[in-house]
Structures are given as structure tokens and as C-alpha cells.
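Peer 1: Dropping a structure here in C-alpha cells format, bear with me for questions.
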């Protein structure tokens, strides 16, 4: 009964308080006052009405607060007969609502800070803020963005954990769009870790959801991701097919940025196939789109790709020019990860030019950035590059030390592809030291990884390295066998430069066996391929080999 009358009283005070507030804030015209004399009397009492509204508001607030406190507690009799206050369900509801509002507020604040840090490319800080948001209120949005932030600094285990937690939440809520996003991103982590079969499964699941809900943009993204898996597996025709499907969708929906991304991916396939002129054409088309729509990050990425094509063609000055353009863009927009990437590429150009001290300087600059932003994968790559410089300088112990450090990081991250790369580098050091059995052991370990993850390009390279060991040991038949296996893979995947390399190796075996006509035939086949792809440095080397064989045939 008390609650009823308190409610009536609060209502009465609210009504009269509102009326008083209205009179206090309203100005009546002269016409209205002449037509209604009572208004003329009220017009001079605005202060009075304002005061009344304030008093009624204070009284109403006090009664409401007291009523809430009364509702939160109720008297009960204990087993000892004592009357005490017990919390009510309505009291719990009010407290829970207040707590929920506070949690929501704090979660939103941290999420907002995460967005600011993400926009500024401060991905570690962004990840920490998203994680703090999750601590107050777990949301699919925060899990997704935390994962992406960690992904951007190559913290793949951390990214995977965030994506998996978000996936469970999305599945529990029945949110198919977020579920597909998490599946696709998990697939990207596995791709970067070299777990290509797992990656393919997740991307195909994401594609199935996007098809089911009619999300064309999502389908195009999945086609691209599946294409990348096939590309990494060396299945370049399959990769090309998926990239072209993505391109068709992006054209149909008028997504220019998507089209530019697809053109870049297609260019990368042609790059891997050794069709460097075709690769250059597609990258140039993508560059034109990115410049037209003002996407500086895309422009920098494609400039890097164009630089890489020129690098493979032996046009090192043009390669340097494009990498420096990309570096300038990344500096202008404050993208540290992009800066590190292009510092590495510039180092690669100097390395190829034999300017080893300059190369070392750029690799070390990249190392400093990767360490500062917590990008362990990039840091490991820099260690490998520095090791390559020391190897080239004949400082084999220093090279070995850097490769071992890089290998340890790759293995700790579960990054199989990178681990295989560093196993190869260590094998190369042993090869240079004449420790051929040790070299063979490391090359075989790398081969085992590439076979396990389905990376045919890496597998072919490993077979070539093992063949080189046998050739050095004078086991020419074994060497020939491994070079032939490598050649078969390179032909199957359409990788022209790798195919030409294998042909050269077989030609070398024939030359060492004194089978000069066969050697000449293989060298000439290799020369034709190098000319097709525009690999000028390799062309000069093979031409010298051909002259040597021809001289011996006279």
C-alpha cells in the first residue's frame, strides 16, 4: 500500500513539476496575453514557476531514491526470530542493471581507444585496448579486432586465440556474418603459418556461409584467400582461377578496391610462373586504380610488387626506384610495418648489386622497427637477411648464429614455412664450409616440411639443393635424379625461372660427365626460358656456360 501511494505521489509531483517547468520556459506573445488575460498574470511569474519546478524535482528525486532503497530490501524473520533486512529480486535487478551499464560504458571506452590506436597503425596498443574491452564485456567485435591487430604484428598464436574465442561467441549467438569472418581470419593465420591444408578447410567453410547468406563481398574475399593457399602450394593455375572469380564479383558489384587487389594477386601468380611481363602488366593496372581512388596503402603495396618484378628481371635501378617510392608512402602515412618491409626490399637490391654494407644497413633498420613494434616474424626474417650478408662476406660463423636465432623464433611461432627457409640457410652455410653431410641433413629437414605443408615451390628448391650436394660429392647419378625431380615439379606448376634453374643444373651434371651435347641442349633450353621471362642476369650466366661447353667441344 505504501509503495502504491508513493508511486501516485511521484506521478503527481512529476506532472505538476513539468507544468511548472513549461510555464517557466515559455514566452507568451502580446496577442496571446490580450486574448487570455490569465496568461498576462502568469507571464511575470517565471522565476516563481522555475523555483516550484526545482522544488518538485528535488522532492520527487528524494522520494524515488527512498522508494528504490525500500524496494531493494525487505524484512524477514530469521530462524532465531529476529527481523533483519533481506535483498529483494527488484533490488538485484536494479544493481545488475547499474553494473551492466557501467561494464558497457567501460567496454565501449576501451574499444574506442583501440580504434584510435588501430587507425594510427599502433597495433600492439590497439590489441591491448580491445583485450581490455573484452575483460569488461566480451563482444564479437572486440575479439575480431584484437585478432586482426595481433595478426598485423605477426603474433599468430595470439591472433588465433582471439579468433577462436570470437568464433565460439558468434556460433553461440547464431551470427553467421561474424562466424564467417572469424573462419576466414583463422584460415589466414594458418596460411601464414604454412598450415595450408588447414587454411583451405577454414576458407571453404567461410565461403559456404557467405554463399548461404548471399554476401558477394565475402565470397570474393574467400575466393582470394583460397587462391592464396593454392598459390603458396604451388598450384598456380588453381590460384589463378580463384583470383579471376574474385575479380568477376568485384567488377559486378563495382568494387574498385577489390578489383585492384585481385589484379595484384593475378600479377603475383604470373610472377611466380616467371611470366614477368604479364605480372608487370597486372600490377600496373592495380597501381592505376589505387592511385585513382586515393588508396595510399594499396599504392605502396603494388609499388613494392612492381619493384620485385623488376628485381627478378635484373632491372635493379627500377626495382630500387619503386621500393623507395613505397617506402616514402609508408613513412608519410606512419605505417611502420610497411616501412620495415620496404627497407628489407631495398636491402635486397643492394645485396644483389654486391653492396653488402648498404644491404646490411637497411636490414638492420628493418630489424629495429620489427623489434619495436613486436613483429617477431619480421624480426626473424631480418635475422635471416643479416645472416645472408655475413654468409656472402665469408663470415660463416656469424651467419650461422643469425640463422640459428631466426630458426628458433620461427619454430617458437609454429611458422613452418619460415622454419624451412632457415633450415635451408643453415644447410647453405654447411655447404660453403664443405660440411656436405650436415648440409644434406638440413636440406632434407626443409624438404620434409615443404612436403608436409604441400608447398611444391619449396619442395622443388630443396630437391635442387640436395642435388647440388650430391653433385659436389661426385655422386652425379644421384644429383641427376634430384634435379630431374625438381624439374618435373617446376614444369607441372608452370614456374619458368625454377624450371630454367633445374635445366641449368642438369646441364651442369652432363658437363661434369663429359656429355657435352646433352649439356649444351639443356643450357639452351634454360637460356630460352630466361629470355622469355626477362631474367637478364641469368641470361648472361648461361651464355657464359654455353660458350664454355662450345669451347670444349672444338
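The values are calculated or read from the model by the stated rules, or taken from the named source; none is laboratory data. Just so it is clear, the model here is predicted, and its values are computed rather than measured. Here Cβ is always computed from backbone atoms with ideal geometry, including for glycine, and neighbour counts include all displayed protein chains.
Peer 1: Search region 214-238 for residues that are within 20 Å of residue 270 (Cβ to Cβ) and pair each with any residue that is part of a loop (DSSP other than H, G, I, E, B) when their beta-carbon atoms are under 6 Å apart and the residues are at least 6 apart or on different chains.
Peer 2: 233/454; 236/273; 236/494
Peer 1: With respect to residue 183, is the statement that it is modelled with pLDDT of 95 or more, within 27 Å of residue 451 (Cα to Cα) and crowded, with 23+ Cβ neighbours inside 10 Å true? Break it down stepwise before answering.
Peer 2: Details: modelled with pLDDT of 95 or more: yes; within 27 Å of residue 451 (Cα to Cα): yes; crowded, with 23+ Cβ neighbours inside 10 Å: yes.
When the stated conditions are applied, residue 183 passes them.
Peer 1: Name the one entry in 338, 347, 298 that is in contact with a helix residue (DSSP H, G or I) (Cβ under 6 Å, 6 or more places away or on another chain), closer than 26 Å to residue 151 by Cβ, buried (at least 24 other Cβ atoms within 10 Å of the Cβ) and in contact (Cβ under 8 Å) with a residue 12 or more places away in the chain. Show your work before the answer.
Peer 2: Details: 338 fails: buried (at least 24 other Cβ atoms within 10 Å of the Cβ); 298 fails: buried (at least 24 other Cβ atoms within 10 Å of the Cβ).
That would be 347, the only listed residue that is in contact with a helix residue (DSSP H, G or I) (Cβ under 6 Å, 6 or more places away or on another chain), closer than 26 Å to residue 151 by Cβ, buried (at least 24 other Cβ atoms within 10 Å of the Cβ) and in contact (Cβ under 8 Å) with a residue 12 or more places away in the chain.
Peer 1: Which residue out of 207, 196, 169, 137 is under 17 Å from the mean Cα position of the chain (by Cα) and touching a residue at least 12 places away in the same chain (Cβ under 8 Å)?
Peer 2: Numbers: 207 fails: under 17 Å from the mean Cα position of the chain (by Cα); 169 fails: under 17 Å from the mean Cα position of the chain (by Cα); 137 fails: under 17 Å from the mean Cα position of the chain (by Cα).
Criteria check complete, one pass: 196.
Peer 1: Residue by residue through region 350-372, note down the ones that are surrounded by fewer than 20 Cβ atoms within 10 Å (Cβ to Cβ), in contact with a helix residue (DSSP H, G or I) (Cβ under 8 Å, 6 or more places away or on another chain) and within 24 Å of residue 122 (Cβ to Cβ).
Peer 2: Scanning region 350-372 gives 364, 365, 371, 372.
Peer 1: Identify, by number, the condition in (1) modelled with pLDDT under 95; (2) over 30 Å from residue 117 (Cα atoms); (3) buried (at least 22 other Cβ atoms within 10 Å of the Cβ) that residue 379 doesn't meet.
Peer 2: Single failed check for residue 379: (2).
Peer 1: Report whether or not residue 460 is closer than 30 Å to residue 151 by Cβ and in contact (Cβ under 8 Å) with a residue 12 or more places away in the chain.
Peer 2: Values: closer than 30 Å to residue 151 by Cβ: yes; in contact (Cβ under 8 Å) with a residue 12 or more places away in the chain: yes.
So residue 460 fits the description; yes.
Peer 1: Additional query: Residue under question is residue 152, and the condition is that it be buried (at least 18 other Cβ atoms within 10 Å of the Cβ) and either at positive phi or in contact (Cβ under 8 Å) with a residue 40 or more places away in the chain (or both); does it hold?
Peer 2: On the way: buried (at least 18 other Cβ atoms within 10 Å of the Cβ): yes; either at positive phi or in contact (Cβ under 8 Å) with a residue 40 or more places away in the chain (or both): yes.
Yes.
Peer 1: Here is a further query. So which residues in region 403-418 are without any contact (Cβ under 8 Å) to a residue 60 or more places away in the chain and closer than 14 Å to residue 376 by Cα? I'd like the intermediate steps shown before the answer.
Peer 2: Pass one, region 403-418, residues without any contact (Cβ under 8 Å) to a residue 60 or more places away in the chain: 403-412.
Listed by number, the residues that qualify are 405, 406, 407, 408, 409, 410, 411, 412.
Peer 1: Something else now. For region 432-441, indicate whether the set of residues that are over 21 Å from residue 512 (Cβ atoms), crowded, with 22+ Cβ neighbours inside 10 Å and at pLDDT 95 or above is non-empty. Full working, then the answer.
Peer 2: Of region 432-441, the ones over 21 Å from residue 512 (Cβ atoms) are 433, 435, 438, 441.
Adding the requirement that they be crowded, with 22+ Cβ neighbours inside 10 Å leaves none.
Checking region 432-441: not a single residue is over 21 Å from residue 512 (Cβ atoms), crowded, with 22+ Cβ neighbours inside 10 Å and at pLDDT 95 or above.
Peer 1: Run residue 397 past the list (1) within 18 Å of residue 284 (Cα to Cα); (2) out of contact with any helix residue (DSSP H, G or I) (no Cβ under 8 Å at 6 or more places or on another chain) and report the number of the one that doesn't hold.
Peer 2: Among (1) within 18 Å of residue 284 (Cα to Cα); (2) out of contact with any helix residue (DSSP H, G or I) (no Cβ under 8 Å at 6 or more places or on another chain), residue 397 violates only (1).
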